[in-house]
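Every number in this text was worked out from the coordinates using simple rules, so none of it is lab data. Fair warning: this is a prediction, and the values are worked out from it, not measured in the lab. Ideal geometry is used to build each Cβ from the backbone, glycine not excepted, and the neighbour counts take in all protein chains shown.
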Amino acid sequence: MNIDRIVLAFAGSVILISVILAHFVSPWWLLLTLFVGANLLQSAFTGFCPLASILRAFGVKSGTAFSN
């Protein structure tokens with residue numbers, strides 16, 4: 001698995017978990033969803049993703065998420 005796919009899987013998982021927590025625990029968990037969405041949006045324009053930087057430091061290989 002490459003950095004692109006890990007970032008997508010992690011973001012999707014965090015969003016789903018925060019929505020579930022918002023439903024069952026507190027609506028304040030939607031702030032986590034907002035944060036992840038904002039981070040995805042800014043990374044689309046700037047190319048900077050904190051998780052990608054961390055994964056690169058651990059030696060995970062880069063890749064293109066949507067090439068077939």
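At-a-glance table
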quantity: Loop-located trypsin sites (Lys or Arg not before Pro) in the chain whose Cβ has at most 11 other Cβ within 10 Å (DSSP); calculated: Lys61
quantity: Contour minus Cα-Cα distance for Ser26 and Val14 (0.36 nm per residue); calculated: 2.8 nm
quantity: Kyte-Doolittle mean at least 1.0 and Cα axial length at least 15 Å: DSSP H helices in the chain; calculated: 3-24, 30-46
